[in-house]
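Before any comments, here is the structure.
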């Protein structure tokens, strides 16, 4: 269990970097950064497999990787981008922030009593409530496509929740596939999906090259593609193989904790009292979940 928990926490630490990267290159859209990161992930996986450092999937394994890559990477993010376009930032962020709760609820092992898991659920829900301000319509009133955005955000939530549960179940059914090979196969599928994501919602090459921070953008895509996608996926696969899905769901909260730490470091500021309380509740929630699963 300890190795699985550490792997999940390290994956959260790498995922948290993705929240700071857009602030380093504000002239680039989130779609461009995501497509660049996913494409870099695909290229790393292609390089590893091409050099013979990893196994190649058979037809059934490739089909599973394609389906799960759509759920957990390109499809999830594309739905989120369109949700933000239609409903603004606040509501989709609030909806996506409930992913740890849904994964814990739906991934609970049959032998684990709800009473044992209740402290972790309550602490996580309380932390989320403190972190997320109540959304409002803003000065411009409710957007005309607001409810479509809410629906898209809900679909995005369903995609990643399904990915977390199905990915863990697939790995447990196929112990012969190690975490690195599965991360490579997901990367190959995700890289192909990144090209589609860029074609649908990304900027043209000319527009990207015209940006004054084009070099830093490329560096960030490579860094997050290698660390926040390829390496983080390997670590998450290790956690998914070793831990129940409900505990993995709780560990997703570490992404928020590390993202906050990186953001405060970038801003050279200190968190507010409410944010500190939320961090404490998140941390206690993780500890409570680990205790419940022993």
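Miscellaneous remarks
- Cα-derived Rg over Rh, computed across region 32-87 with Rh taken as Kirkwood radius: 1.09
- FRET efficiency, residue 63 to residue 158 (Cβ-Cβ, R0 22 Å, nearest 0.05): 0.60
- Computed from the Cα positions only, the extents of region 1-135 along the three principal axes stand at 49, 45, 25 Å, in decreasing order.
- Fully extending the segment from residue 53 to residue 148 would add 29.8 nm, taking 0.36 nm per residue of separation and subtracting the current Cα-Cα distance.
- The distance separating the Cα centre of region 272-286 from that of region 201-265 comes to 22 Å.
- Compared with the alpha-carbon gap, the fully stretched path from residue 113 to residue 272 is longer by 53.7 nm at 0.36 nm per residue.
- Among 128, 151, 79, the largest mean-square fluctuation in a Gaussian network model of the chain, built with springs joining Cα atoms closer than 10 Å, belongs to 151.
- For the chain, the relative contact order comes to 46 percent (Cα pairs under 8 Å, sequence separation of at least 6).
- In this entry, the chain is assigned a mean projected area of 16.2 nm², taken as a quarter of its C-alpha convex hull surface.
- Separation between Cα centres of region 95-109 and region 1-35, rounded to whole Å: 19
- Listed peptides 179-186, 10-17, 109-116, 210-217 appear in the order 179-186, 10-17, 210-217, 109-116 once ranked by packing, highest mean of other Cβ atoms within 10 Å at the front.
- Under Stokes-Einstein, with the Kirkwood radius over Cα pairs as Rh, the value for region 117-243 at 25 °C and 0.890 mPa s is 133 µm²/s.
- Residue 176 paired with residue 200, simple spin-label distance in nm, labels 7 Å along Cα-to-beta-carbon: 3.4
Any read-out appearing in this document is the output of simple, stated calculations on the displayed coordinates, not a laboratory observation. Quantities reported herein were computed from a predicted structural model and do not represent experimental measurements. All Cβ positions, even for glycine, are placed from backbone atoms using ideal geometry, and neighbour counts span all protein chains on display.
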